[in-house]
Amino acid sequence: MSTINVNVVTPDGAVYDGDVEMVSARSQNGELGILPGHIPLVAPLSVGAVRLKYESKIHLVAVNGGFVEVRPDSVTILAESAETPSQIDVERARRAKERAEDRIERAKQEEIDYQRARLALKRAVTRIEVAGE
Ligand code: ATP
């Protein structure tokens, strides 16, 4: 089976580098399914789980925003932060989720930063999902 090289890079360094059969990622314009030989493109990513298919299984990476650059033989994801399941501290993500939910609840009364809290909630929920919890 043909493969495509995937690199997930953050300001703290590489989080994933390997050859996969397929990449699925949520761009801000919709879901992207990337197979080897895909046409080149650059797209902004939403906060969410990136799915990598190899060895007949789906492996998840939590990705916080950034961009995906697709070339026929490689995919580069430049993210503000990203974690594989073993790198995720689930308790920390649960605390972040509670904080964000609390801020969203209070935002109904006070005009605090609602969008910021929504994004923090999305990061936390993605981490909990990717960690398999
Ligand atoms: P928190 O409020 O817990 O800091 P956050 O969503 O604001 O969460 P980010 O700004 O996205 O955190 O990330 C800051 C750094 O902390 C990044 O290096 C990211 O990989 C790491 N990080 C954040 N949450 C977790 C987690 N639950 N487990 C492991 N690493 C995490």
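Computed quantities for the displayed model
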| quantity | calculated |
| --- | --- |
| Extreme residue, positive dipole direction of the chain, given options 38, 48, 87 (C-beta unit charges) | 48 |
| Virtual spin-label span in nm between residue 7 and residue 67, 7 Å along Cα→Cβ | 1.4 nm |
| Relative contact order computed over the chain (Cα-Cα under 8 Å; 6+ residues apart), in percent | 23 percent |
| Within-15-Å neighbourhood charge of residue 9 [Cβ basis; K, R +1; D, E -1] | -4 |
| Partner lysines for residue 122 [C-alpha distance under 18 Å; skip if fewer than 8 residues away on the same chain] | 97 |
| Nearest-20 debye value, the chain charge dipole, Cβ charges on Lys, Arg, Asp, Glu | 340 debye |
| On Cα atoms only, tilt of 114-130 relative to the major axis of the chain in degrees | 50 degrees |
| Angle between the chain longest axis and helix 90-106 axis [Cα atoms, degrees, rounded to 10] | 50 degrees |
| Cβ-derived FRET efficiency at R0 30 Å, residue 58 paired with residue 104, nearest 0.05 | 0.50 |
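FYI, it's all coordinate maths here, none of it is from the lab. Keep in mind that this is a model prediction, so the values were computed, not measured. Virtual Cβ from ideal backbone geometry, glycine too; neighbours counted across all protein chains shown.
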